[in-house]
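Have a look at the structure below, then the notes.
The values are calculated or read from the model by the stated rules, or taken from the named source; none is laboratory data. Just so you know, these numbers come straight off a predicted model, no measurement behind them. Note that each Cβ is placed from the backbone with ideal geometry, even for glycine, and that neighbours are counted across all protein chains shown.
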Amino acid sequence: MTLTSIGDLARGLTLRTRSTEIRTQIETLSYEMSTGQVQDLSVHLGGDYAHLLDLDHSLARLDAFSVATAETQLFTDAMQLSLTTFAESAGEVTSALLSFGTSNQSVTHEQASVLARNELDTMVSSLNARAGGRSLFSGTATDVSPLASSDALLAALEAELTGLTTATDIRQAAEDWFNDPAGFEATFYQGSTTPLSPMQISENERIDLPITANDQTLKDAMRDVAIAALVSDDALAMPTAQRTALFVQLGTSLANTNSGIVNLRAQVGAAEARVEQAATRNSAAQTSAEYARGALIEADPYETATKLQTVQFQLESLYSVTVRNASLSLVNFL
């Protein structure tokens, strides 16, 4: 019988080649065990990447919407907080002014004007608030504060009211100035008359918040508080009876304006609810897409562990064979 054999160098090369193949398999299987995903996607998917690419595209889009909803939520929350502060300040002035209509006055004219001046400063500051570096109530001009200082407002309004002594004349002059495009809007409002564009929070849903500091309800509230802040000014020289009558009228007007402020807050609240709902839906869709992607490229842990154990045994066996071959000599062969 003829025996066929290979030389020592060829045998060594064969063993090294096989050792390299086994180590490569171990690295692949170890990667799949640690990540839970197959390493060779092309073989696993049979060369069809369509479904995987579609899932990746969906996840990228949902990530973008996640950022958009977070920014919109920050914007609406800050807007709601500003309107709450604005309403609380207007309410403080309303209570003080309406007290002049009762038999027991809780504040004096001077105290009421000082309170109105302080609360006007708070109201202006609340409308000048920013979120994420953007002004909340400036319309599309988000890089500038919508209103100048309250002192500038009072100085401009005082120039319009100086010389008037009756409550009717003062209120009418103030109303005309606030509603005149060449008055409040031109000299005090610094934002844009164009409201913000709707904010996209999902593929088919947008949030529209067209509220600016030039809104009529907000202007009416600032107008009445500004008048109250100037009523006790010596430049107006109003008689005491006229001051009391004007304070009561302003308090009543502010109380009526409160319903408009509530409507604005409700509008922002509805937007907040929609943003939260959209964020929840986007999060659920993202979780579903991530699960589907994971299932598509998932490596079976039990099968991978079995293969890894088998390959490790093969490597150990190969090392044993290599050791045995290395101990051969010509003497032992003969």
Criterion: surrounded by 15 or more Cβ atoms within 10 Å (Cβ to Cβ), among the aliphatic types (A, V, I, L, M), modelled with pLDDT under 95 and part of a helix (DSSP H, G or I) - qualifying residue of 83, 52, 74: 52
Search result, residues across region 222-271 that are under 18 Å from residue 87 (Cα atoms) and in contact with a strand residue (DSSP E or B) (Cβ under 9 Å, 6 or more places away or on another chain): 222
Criterion (polar (S, T, N, Q), surrounded by 18 or more Cβ atoms within 10 Å (Cβ to Cβ) and part of a loop (DSSP other than H, G, I, E, B)) met by exactly one of 113, 126, 138, 89: 138
Matching residues in region 157-212 (in contact with a Phe, Trp or Tyr (Cβ under 7 Å, 6 or more places away or on another chain) and closer than 30 Å to residue 59 by Cα) number 2
Among (1) among the charged types (D, E, K, R); (2) farther than 30 Å from residue 238 by Cα; (3) in contact with a helix residue (DSSP H, G or I) (Cβ under 9 Å, 6 or more places away or on another chain), residue 220 falls short only on (2)
Is at least one residue of region 143-151 among the hydrophobic types (A, V, I, L, M, F, W, C), surrounded by 12 or more Cβ atoms within 10 Å (Cβ to Cβ) and in a helix (DSSP H, G or I)? no
State yes or no: is residue 224 among the charged types (D, E, K, R) and surrounded by fewer than 23 Cβ atoms within 10 Å (Cβ to Cβ)? no
Number of the condition not met by residue 270 [criteria: (1) touching a helix residue (DSSP H, G or I) at 6+ places or on another chain (Cβ under 8 Å); (2) within 30 Å of residue 65 (Cα to Cα)]: (1)
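So in region 199-216, with the set limited to residues that are among the polar types (S, T, N, Q) and surrounded by fewer than 17 Cβ atoms within 10 Å (Cβ to Cβ), which one is farthest from residue 121 (Cα to Cα)? Full working, then the answer.
The initial filter retains those residues of region 199-216 that are among the polar types (S, T, N, Q), namely 200, 202, 204, 212, 214, 216.
Then keep just the ones that are surrounded by fewer than 17 Cβ atoms within 10 Å (Cβ to Cβ); that gives 200, 204, 216.
Numbers: 200: 34, 204: 40, 216: 19 Å.
Top of the filtered list is 204.
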Just checking, which of 271, 295, 237 is among the small types (Gly, Ala, Ser) and at pLDDT 90 or above? 271
Any chance residue 34 is under 17 Å from residue 294 (Cα atoms) and at pLDDT below 70: yes
Within region 201-220, work out how many residues are assigned to a strand (DSSP E or B) and farther than 13 Å from residue 75 by Cα. 3
Inside region 231-273, can you point out the residues that are within 19 Å of residue 162 (Cα to Cα), assigned to a helix (DSSP H, G or I) and without any contact (Cβ under 8 Å) to a residue 40 or more places away in the chain? 241
Number of the exception - residue 172 against (1) in contact (Cβ under 8 Å) with a residue 24 or more places away in the chain; (2) in a helix (DSSP H, G or I): (1)
Just to verify a result, which residue in region 242-261, among those that are more than 16 Å from residue 173 (Cα to Cα) and hydroxyl-bearing (Ser, Thr, Tyr), is surrounded by the most Cβ atoms within 10 Å (Cβ to Cβ)? 257
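Give region 230-241 a look and list any residue that's more than 16 Å from residue 177 (Cα to Cα) and buried (at least 19 other Cβ atoms within 10 Å of the Cβ), or say none. Spell out the reasoning first.
Initial filter on region 230-241 (more than 16 Å from residue 177 (Cα to Cα)): 231-241.
The answer is 231, 232, 236, 238.
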